[in-house]
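Read through the structure below, which is laid out as structure tokens, and then see the notes.
The values are calculated or read from the model by the stated rules, or taken from the named source; none is laboratory data. If you're wondering where the values come from, they're calculated on a predicted model, not measured in any experiment. Here the Cβ is made from the backbone with ideal geometry for all residues, glycine too, and neighbour counts use every protein chain on show.
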Amino acid sequence: MKLFSLRGGVHPEGRKELSAERSIRCLPLPKNIFVPFQQHIGAAATPVVNVGDKVLKGQLIAVAQGMVSSAIHAPTSGLVVAMGDYVAPHPSGLPVPTITLESDGEDKWIEMQSVSDPFTLEPEDIAARVAAAGIVGMGGATFPAALKLNLSRDSGVQTLIMNGGECEPYLSCDDRIMRERAVQIVEGIRLIATAVEAQEILVGIEDNKPEAIAAMREAAKGSVVNIVVMPSMYPMGSEKQIIQVLTGKEIPAGGRPADIGVLVHNVATAFAVQQAVRYGRPLLSRIVTVSGGAIKTPCNLEALIGTPVQELIDFADGYSQPPERMVLGGPMMGQQFTNTHVPVVKGSSGVLALLSAEIGKAEASPCIRCSTCVRACPVGLLPLEMAAHIRVSDLSGAVDLGLKDCIACGSCSYVCPAHIPLVHYFNYAKGDLAAQERAKLKQEATKKLAAARSERIAAIELARAEMAAKRKAARAAKEFAAKQAAEKAERV
């Protein structure tokens, strides 16, 4: 298959060999599980259980709120012992609403509804089962999968692209799941294609994963699933880049893949879809890479959602030496954190404990206008110019230069010889713009409420005036009638 060229990109040291050759192992059942209501893009789920309730594995414990939301299920059987704020897997370390579940050690499932032949289901039924299972994008975006399926079908998507790139250094969870569960993944891919009525199915895998490529090709033999080998480059696994490389199409500024007839999903999402549609199993666990120079035994673990990160580190034999930096996800786009009691969530792909030699600490110096960041940007932006506008609080100028098209991949920061944290500028600016947009929407909503109040007051005053006029007219009519009766009585 012909591949199309990709602008920019970088080649960071992979470090995948630390964990890639270690088979997936299941983490022992934790005593306490902390399940946040917000594990996805959109509105947080609303709990349907109370403190003191006993729950079974797979039981619905929080329902989705609105279209852009996702259901949450009990990762194991046990007792709901608390419901309130708990530290979140976020750089801020701020707490979020969370259900605390105490395991009973039985890991007893609810009764599930399996389907012997899921391909007999209608596309809408497949999407409904995916929604009921609480599946979100497992590549890190955490967009509710069922909504993505429905929107893509309504948009007439023709091409389904499955992302097996896993271009972030250190991470090998997708590599391992493709090696070990290729048959289930391919079935999940075909189910996704059925749900969106796609005519073409492409699975992009980077060429540094030969075992995964062989396993997926064997599983896809005789099907319409086409395994495509892509060159290893960061950020090849990004949605925009994998579409461009495999199809030659570019997503328009401010658009989405469905606008050009494409849907992109992660291979781990396909496995979750297969489990949900065929067996009725909700999304309760995920594969997490535990790696980095500070980890004694790097590995890939299947951990229940809500498991404290410290338990993953302990299972990997702890630290060989104190880490300089802790990262959730990959080192390029992941989030730094310090509290290892944060829980694993649906979007957690990795737990990295990095040494100082691995993070290359250096003080930032003034920009030397070398344009290295421009050449590295996979979207074709001008990072140095955008950062200059942001430094002087000219956010509109940065937007005009394409800030909203930035995918925050970090390629520009990685190659900058002056060690300027360019992507931090862009993330800050995007956050500021989002805050301004929220403030604007709030202001508009306040104006609408004020206008509606003024209209209500005016309507009430008008009604009062009309009522007063009617009473006045009634009194005048009554007085006139009395006067007429008095005059008549006098004449008699």
* Would you call Arg15 basic (Lys, Arg), within 30 Å of Lys296 (Cα to Cα) and crowded, with 18+ Cβ neighbours inside 10 Å? -> yes
* Asked: Considering the range 283-338 alone, what residues qualify as being polar (S, T, N, Q) and closer than 29 Å to Ala146 by Cβ?
  -> Ser285, Thr289, Asn300, Thr307, Gln335
* Take the range 413-427 and flag every residue that is part of a helix (DSSP H, G or I) and either modelled with pLDDT under 90 or β-branched (Val, Ile, Thr) (or both). => Val415, Val423, His424, Asn427
* Asked: Inside the range 276-298, can you point out the residues that are touching an Asp or Glu at 6+ places or on another chain (Cβ under 6 Å) and within 30 Å of Gln113 (Cα to Cα)?
  -> Ser285, Ile287
* **Answer residue from the range 30-73, given it is within 13 Å of Thr142 (Cβ to Cβ) and among the hydroxyl-bearing types (Ser, Thr, Tyr) and is surrounded by the fewest Cβ atoms within 10 Å (Cβ to Cβ) among those** => Ser69
* Does any residue in the range 1-17 that is more than 13 Å from Gly410 (Cβ to Cβ) come within less than 6 Å, Cβ to Cβ, of a residue that is of a type in the set (Ser, Thr, Tyr) and part of a loop (DSSP other than H, G, I, E, B) six or more places away or on a different chain, and which pairs are these? -> Arg15/Tyr170; Lys16/Ser172
* For residues that are assigned to a loop (DSSP other than H, G, I, E, B) and touching a strand residue (DSSP E or B) at 6+ places or on another chain (Cβ under 6 Å), tally how many sit in the range 32-59. => 10
* So which of Gly280, Gly248, Gly261, Gly255 ends up being under 18 Å from the mean Cα position of the chain (by Cα) and not acidic (Asp, Glu)? -> Gly255
* To do: Kindly list the number of the only condition in (1) in contact with a strand residue (DSSP E or B) (Cβ under 9 Å, 6 or more places away or on another chain); (2) over 30 Å from Lys108 (Cβ atoms) that fails for Ala270.
  => (2)
* Asked: If we scan the range 371-383, do we find a residue that is among the aliphatic types (A, V, I, L, M), touching a residue at least 60 places away in the same chain (Cβ under 8 Å) and closer than 30 Å to Gln244 by Cα?
  -> yes
* Among Val392, Val399, which is the only one that is surrounded by 10 or more Cβ atoms within 10 Å (Cβ to Cβ) and either over 26 Å from Ala141 (Cα atoms) or without any contact (Cβ under 8 Å) to a residue 40 or more places away in the chain (or both)? -> Val399
* Asked: Are any residues in the range 139-159 under 22 Å from Phe37 (Cα atoms) and either touching a Cys at 6+ places or on another chain (Cβ under 9 Å) or among the charged types (D, E, K, R) (or both), and if so, which ones?
  -> Lys148
